[in-house]
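These notes concern the structure reproduced below.
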Amino acid sequence: MIRLEHLNLVVKDIQISLAFYQAAFPEWIIRDGGESEWYGKPRNWVHFGDHNLYLTLNDNGEQESRKLTGHQVGIAHFAFEVGDIEGLTHRLQNAGFKPRIRGPEHPFRQNIYFIDPDGNEVEFVQYFSDLTAQRNLNI
């Protein structure tokens, strides 16, 4: 078995970042939190998620994220599969976040991309089929 357990993100402000992720995942909780030091710099951190997956948010981020239109090495985006993409979209918009782009029309999936407060592109996808071939169908 292999599964993703967590993503560890450096952010500028934990509370601002939490506003985005709490709107996306209202059922998630802060599992833990604390203070630590990272290479000589103090930071606060929280684990935000459920029993299977969480995000670690670490504050005191210093630089901007990689340019989404550039070709720098790093994460281009990360994605979450969701059960109600329209509900998620409404929650994020009601919290003040605007979609960056919507994925193209597809019979077996719908996806939308948002930018989190720290410049990370986050994709949310809802599948309408359990068949991998249909989910991955390139139309």
Sequence order, the stretch 87-95: Karplus ³J(HN,Hα) from phi using 6.51 cos²θ - 1.76 cosθ + 1.60, θ = phi - 60°, Hz rounded, Gly and Pro as x, gives x, 4, 4, 5, 4, 5, 5, 5, 8
Just tell me the longest site-free run in the chain, where the sites are GluC sites (Glu not before Pro) in a DSSP loop having at most 15 other beta-carbon atoms within 10 Å.
65-104
Hey, what number do you get for the chain at 222 nm if only DSSP H runs of n ≥ 4 count, each worth -39500 (n - 2.57), divided across all residues, to the nearest 500?
-5000 deg cm²/dmol
Count neighbours as other Cβ atoms within 10 Å of each site's Cβ, and list the chymotrypsin sites (Phe, Trp or Tyr not before Pro) in the stretch 97-138 that are DSSP loop with at most 12 such neighbours.
Phe128
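When only DSSP loop residues count, what chymotrypsin sites (Phe, Trp or Tyr not before Pro) in the stretch 1-70 have their Cβ near at most 10 other Cβ atoms within 10 Å? Each step should come with its number before you reach the end.
Details: sites: Phe20, Tyr21, Trp28, Trp38, Tyr39, Trp45, Phe48, Tyr54; in loops: Trp28, Tyr39.
Those that pass, being in a loop and sparsely packed, are Tyr39.
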Write down the accessible area per residue of the chain in Å², having rolled a 1.4 Å probe over the full set of protein chains.
65
Between Ile16 and Leu68, take the C-beta separation as r, use R0 = 22 Å, and let me know the FRET efficiency to the nearest 0.05.
0.70
Checked against the structure, the computed P(r) over Cα pairs in 5 Å bins from 0, in percent among (1) 2, 9, 16, 19, 17, 13, 9, 6, 4, 3, 2, 1, 0; (2) 2, 10, 20, 23, 20, 14, 7, 4, 1, 0; (3) 2, 9, 17, 20, 21, 16, 9, 4, 2, 1, 0 is the one labelled (3)
Of all accessible surface on the chain at a 1.4 Å probe, what whole percent is carbon and sulfur?
51
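The values are calculated or read from the model by the stated rules, or taken from the named source; none is laboratory data. All figures in this text were calculated on a predicted structure; none of them were measured in a lab. Backbone-built Cβ (ideal geometry, glycine too); neighbour counts: all protein chains shown. For the accessible areas, the whole protein counts, side chains as well, though only heavy atoms, and no ligand, DNA or RNA atoms are used. Shrake-Rupley method; radii C 1.70, N 1.55, O 1.52, S 1.80 Å.
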